[in-house]
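A.B. asks: The structure follows.
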Amino acid sequence: MFSIFLRSLVFNVLFYVVIVFLALVAIPTLFMPVHALLTVVRWWSNATLFLMRTICNIKAEFRGVEKIPKGPLVIASKHQSFWETFTIAAMVDRPIFILKRQLIYIPVFGQLLTKAGVIAIDRSAGGKVLVDMTRRARAAVQSGCQLVIFPEGTRRAAGAPAKYKTGVSHLYSACDVPCLPVAVNSGLFWPRRTFMRYPGTVVMEFLDPVPPGLPKDEFIARVRTEIEEATGRIVEAGRREQEQLLGSAPGYMPSGD
């Protein structure tokens, strides 16, 4: 396990060095079209995947990429780690994320998020949040963007019980566009609340798009079932791979806090 600890330490140092460097590179994009900033985001994603592969022996596999529709879209993704955030951002043409407002107050990073058009919400504002979020999301989608939302609202450990919120169904209904469900097993390899990175194959699987127009209850039931079934399948496969790679390592405990 010491080797994994050391690799994780090196990865995290380089990961944040890359973030700082590319944030500085991205500053001029504040005065350019948003596609210039998205190009830097793709550099960040590619650099991170390279570091994961070469330092931590974490390979990445993307399934169902051909299922990503063109044009306006709601993307509903399972959220187990930070990994899927920058990965999705690099895989669609014009991503718009919904995130907590505190992030936009981070120097430089916050200005770049604002330039990217994120929908920052104040979770303490109660019912007003949903109204404002829906209005801004509808406007973003109508302009041709792909709205990215994590239906559980926060990261959940791999294998943890699902806790879907109603916000995704409101957005789906209000935007009247297809919804693309996404499953991941990233929590096994890039767990939340720790700097440890474990070797294996992190998988992002794009599922069949859900057509617009379904009743809210039917929609949320369908999206939850499809995401959770696919996530369960790829998490189980990831666990088996981890056990083969690390099962005999002293101090190793499978992820899933």
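A.B. asks: Can you classify region 56-185 as rounded, prolate or oblate using the Cα gyration tensor, where a ≥ b ≥ c are the square roots of its eigenvalues, rounded means a/c under 1.5, and otherwise it's prolate if a/b beats b/c and oblate if not?
C.D. replies: Details: a/c = 1.31, a/b = 1.21, b/c = 1.09.
Rounded is the answer for region 56-185, as its axis ratio a/c remains below 1.5.
A.B. asks: Follow-up. Just name one of Pro151, Pro161, Phe109: the one whose Cα is farthest towards the positive end of the charge dipole of the chain (beta-carbon charges, Lys/Arg +1, Asp/Glu -1).
C.D. replies: Phe109
A.B. asks: Oh, and also: State the Kirkwood hydrodynamic radius of region 1-54 in Å, one decimal place, computed from all pairs of distinct Cα atoms.
C.D. replies: Working: mean 1/r = 0.0822 Å⁻¹.
Computed over Cα pairs of region 1-54, the Kirkwood hydrodynamic radius comes out at 12.2 Å.
A.B. asks: If I take R0 = 41 Å and measure r between the Cβ atoms of Glu218 and Ile27 in this structure, what FRET efficiency does the formula 1/(1 + (r/R0)^6) give, to the nearest 0.05? The partial results should precede the final answer.
C.D. replies: Numbers: r = 46 Å, r/R0 = 1.11.
Result of the calculation: an efficiency of 0.35.
A.B. asks: Mean projection of the alpha-carbon convex hull of the chain over all orientations, in nm²? Each step should come with its number before you reach the end.
C.D. replies: Working: hull surface 53.2 nm².
For the chain, the mean projected area of the Cα convex hull comes to 13.3 nm².
A.B. asks: Can you figure out the FRET efficiency of Glu66 with Phe2, using R₀ = 41 Å and their beta-carbon distance, to the nearest 0.05?
C.D. replies: Working: r = 42 Å, r/R0 = 1.01.
The formula returns an efficiency of 0.50 here.
A.B. asks: Continuing with this model, one more query. Straight-line reach from Lys163: which lysines fall under 24 Å, measuring Cα to Cα and dropping same-chain residues less than 8 apart?
C.D. replies: Within reach: Lys78, Lys100, Lys128, Lys216.
A.B. asks: Using Cβ counts within 10 Å as a stand-in for footprinting exposure, how do Met52, Met32 rank, fewest first?
C.D. replies: Numbers: Met52 21, Met32 12.
Fewest to most other Cβ atoms nearby, the residues stand as Met32, Met52.
A.B. asks: Counting alpha carbon pairs within less than 8 Å and at least 6 residues apart, what relative contact order, in whole percent, applies to the chain? Don't skip to the end; give the middle numbers.
C.D. replies: Values: 438 pairs, mean separation 65.2, N = 257.
In percent, rounded to a whole number, it is 25.
A.B. asks: What are the ³J(HN,Hα) values, in whole Hz, obtained from phi via the Karplus relation 6.51 cos²θ - 1.76 cosθ + 1.60 with θ = phi - 60°, for each residue of region 161-174 in sequence order, with x given for Gly and Pro?
C.D. replies: For region 161-174, the Karplus curve yields x, 6, 9, 7, 9, 7, x, 5, 5, 5, 5, 4, 5, 6 Hz.
A.B. asks: Starting from the Kirkwood radius over alpha-carbon pairs of region 127-168, derive D by Stokes-Einstein at 37 °C in a medium of 0.692 mPa s and give it in µm² s⁻¹.
C.D. replies: On the way: Rh = 11.9 Å.
It comes out at roughly 276 µm²/s.
A.B. asks: Quickly estimate the mean residue ellipticity at 222 nm for the chain, helices only: each DSSP H run with n ≥ 4 gives -39500 (n - 2.57), and the total goes over all residues, rounded to 500. Numbers along the way, then the final one.
C.D. replies: Numbers: 7 runs with 119 residues, N = 257.
My calculation for the chain gives -15500 deg cm²/dmol from helical runs alone.
A.B. asks: Quick check for me: using +1 on Lys/Arg Cβ and -1 on Asp/Glu Cβ, what's the dipole size of region 121-188 about its Cα centre, in debye to the nearest 20? Don't skip to the end; give the middle numbers.
C.D. replies: Numbers: 9 positive and 4 negative charges, 34 e Å.
With only Lys, Arg, Asp and Glu charged at Cβ, the dipole is about 160 debye.
A.B. asks: In addition: Out of region 94-170, which trypsin sites (Lys or Arg not before Pro) are coil in DSSP terms and have no more than 13 other C-beta atoms within 10 Å?
C.D. replies: Numbers: sites: Lys100, Arg101, Lys115, Arg123, Lys128, Arg135, Arg136, Arg138, Arg155, Arg156, Lys163, Lys165; in loops: Arg155, Arg156, Lys163, Lys165.
The qualifying sites are Lys163.
A.B. asks: With Cβ to Cβ distances under 15 Å as the rule, what net charge do the other residues near Thr85 carry (K, R +1; D, E -1)? Don't skip to the end; give the middle numbers.
C.D. replies: Working: positive: Arg42, Lys78, Lys100, Arg155, Arg156, Arg192; negative: Glu84, Glu152.
Summing Lys/Arg as +1 and Asp/Glu as -1 gives +4.
A.B. asks: I've got another one for you. Which one of Ser81, Pro69, Ala36 has its Cα pushed farthest toward the positive end of the charge dipole of region 1-99, where Lys and Arg give +1 and Asp and Glu give -1 at the Cβ?
C.D. replies: It is Pro69.
A.B. asks: How large is the charge dipole for region 83-208, taken about the Cα centre, if only the Cβ atoms of Lys, Arg (+1) and Asp, Glu (-1) carry charge, to the nearest 20 debye? Please report the intermediate quantities before stating the final value.
C.D. replies: On the way: 16 positive and 8 negative charges, 112 e Å.
It works out to roughly 540 debye.
Coordinate-derived values only; no laboratory data. Keep in mind the model is a prediction, meaning the values are calculated, not measured. Note that we place each Cβ from the backbone using ideal geometry, even for glycine, and neighbour counts take in every protein chain shown.
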